[in-house]
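Take a look at the structure set out below.
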Amino acid sequence: SKLAALFKHPLYNIPIPEVTEKDKLFVVNPMEKFSLRSSGSDEWISSSKAETLLPTGKTAYDTYPSWLKFHVGINRYELYPRQDPLMPILLQDLATQRIVSSVQKSGGTQLKLIMTFPNYGQALFKPMKQTRDQETPVDFFYFSDFERHNAEIAAFHLDRILDFRRIPPVSGRLVNITKEIRDITTDKKLAKTFFISPAGNVCFYGECSYYCSTEHALCGKPDRLEGSMAALLPDKTLAKRRSWRSPWRRSYHKSKKAEWELNPNYCAQVREMPPYDRGHRLLDLIDMAVLDFLMGNMDRHHYETFEKFGNDTFLLHLDNGRGFGTHSRDEPSILAPLWQCCSIKKSTYLRLQLLATQPYRLSDLLREALATDPLAPVLAEPHLRALDRRLGKVLGVVGRCLAG
């Protein structure tokens, strides 16, 4: 396994700083226990609600469902650890746990559902809108492109291979629209949008600001629908997040350009603005630009951080559905933070160089990682090949900066 060899490489074993109590997102009561409601059930309950039925010798943490272990593990430096034994279990849960509730997520331009499991875990479901080999039409603006479920899955694995680990876990899943959405939804607005198509397929379209109409309906075959299931982050009432407008945000206008597109010395301005004037925030933003360039994502207008950690923490790379839309062309403007600032973390640069070598070729690693997903193959081959070409371009930009 190339992936196993990669994660054993010294560049993937650089220790993070010591995690103190104040560096953890949650300080957990070690005595709080979770247990099965009854022996034949897959429902979990907190000990504060019922007597615990714990096998002897198990610590309370062992009784936590996988989503809770994921939340408890978040700290100032990483969303989840590199060698995380929990990850396969969490991905398996996202793909297989029984869905007990499906409601539409409010906001956004496209339909997304929040699905709840018997163990109180929740996932964000993005349904399939187009096939693997459909490229975004050349005349489409980045903001009128569809979100792709397979891009969400591939982005999680790519982010992990780059050792950023800033995207919550995502698994593909085949959902039954009738049994797992229509029949169990308590969302009255969503419920009104189901219909049977002329071909006899179950369809629905929900309510949202752009792509929620009968012309953009999502239809099963006859009621089976692919989608991505992303583990939700802790509720904002428990762990507040701050949303930051990206300095390299696009104009989201058909004819206007953003300031960074017109001013070649734009980075000098950014370096004087808090929080980019100190610490590693600007370098973290450049990491994100590299990730976005590799997957062709032009739609990065905001990013988030956990408020508890202030400015000294990682950025969350959320909403990656507009990646992997085109493989036949690259968008150099995504790399503007890198070539305008001519800065990159040494650790990121060394890992990118490693991923350009034959034993650790980026396309091979991502292909291997995606092969275990329930919806494999997740990406069409041309998208995987494009990664190696784009990685070469990133290293070319860094090379010119070093030579300059």
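The values are calculated or read from the model by the stated rules, or taken from the named source; none is laboratory data. Predicted, not measured: the structure shown is a model, and the values here were computed from it. Neighbour counts run over all protein chains shown; Cβ positions are idealised from the backbone, glycine included. Areas reflect the complete protein model, heavy atoms only, side chains present, ligands, DNA and RNA absent. Shrake-Rupley method; radii C 1.70, N 1.55, O 1.52, S 1.80 Å.
When each of the peptides 201-210, 393-402 is scored by how many other beta carbons lie within 10 Å of its residues on average, the order from highest to lowest is 201-210, 393-402.
For the chain, relative contact order (Cα pairs under 8 Å, six or more residues apart, normalised by length) works out to 17 percent.
Positive end of the charge dipole of the chain (Lys, Arg +1 and Asp, Glu -1 on Cβ, about the Cα centre): tell me which of G399, W67, F309 has its Cα farthest that way. Looking along the dipole axis, the top candidate is G399. When only C-alpha pairs under 8 Å and at least 6 residues apart count, what is the relative contact order of the range 241-403, in percent? Relative contact order of the range 241-403: 24 percent.
Size descriptor for the chain, Kirkwood hydrodynamic radius: 22.6 Å (Cα pairs only, one decimal). Once the gyration tensor of the Cα atoms in the range 193-349 is diagonalised, the equivalent ellipsoid follows with semi-axes of 36, 20, 15 Å, ordered largest first. Between Q130 and L262, what's the calculated FRET efficiency when r is the beta-carbon distance and R0 is 45 Å? Round to 0.05. Efficiency, from the Cβ-Cβ distance: 0.85. If a paramagnetic tag sat 7 Å from the Cα of I114 along the Cα-Cβ line, which residues of the range 176-192 would have the backbone N under 13 Å from that point? Hits in the range 176-192 for I114 at 13 Å: 186-187.
Considering only T305, T357, T63, the mean-square fluctuation computed in a Gaussian network model of the chain, springs between alpha carbons under 10 angstrom, is largest for T357. FRET efficiency for the K189 to S251 pair, using the beta carbon distance and R₀ = 41 Å, is estimated at 0.80. Ranked by solvent-accessible area (1.4 Å probe, protein heavy atoms only, all chains present), the residues T186, T326 order from largest to smallest as T186, T326. Projected onto their three principal axes, the Cα atoms of the range 287-380 cover extents of 39, 28, 26 Å, largest first.
Subtracting the Cα-Cα distance of S209 and L350 from their residue separation scaled by 0.36 nm leaves 46.5 nm. Multiplying the residue separation of C342 and T20 by 0.36 nm and removing their Cα-Cα distance gives an extension gain of 112.6 nm. Going by accessible surface with a 1.4 Å probe and the largest first, E21, E261, E215, E147 read E215, E21, E261, E147.
To the nearest 20 debye, what charge dipole does the range 178-303 have about its Cα centre, counting +1 at the Cβ of each Lys and Arg and -1 at the Cβ of each Asp and Glu?
Dipole magnitude for the range 178-303 comes out near 340 debye.
Packing-wise, with mean Cβ within 10 Å as the measure, how do 87-96, 247-256 rank, highest first?
The most tightly packed comes first, giving 87-96, 247-256.
The packing ranking, built from the mean of other Cβ atoms within 10 Å per residue, places the peptides 156-169, 274-287, 221-234 in the order 156-169, 221-234, 274-287, highest first.
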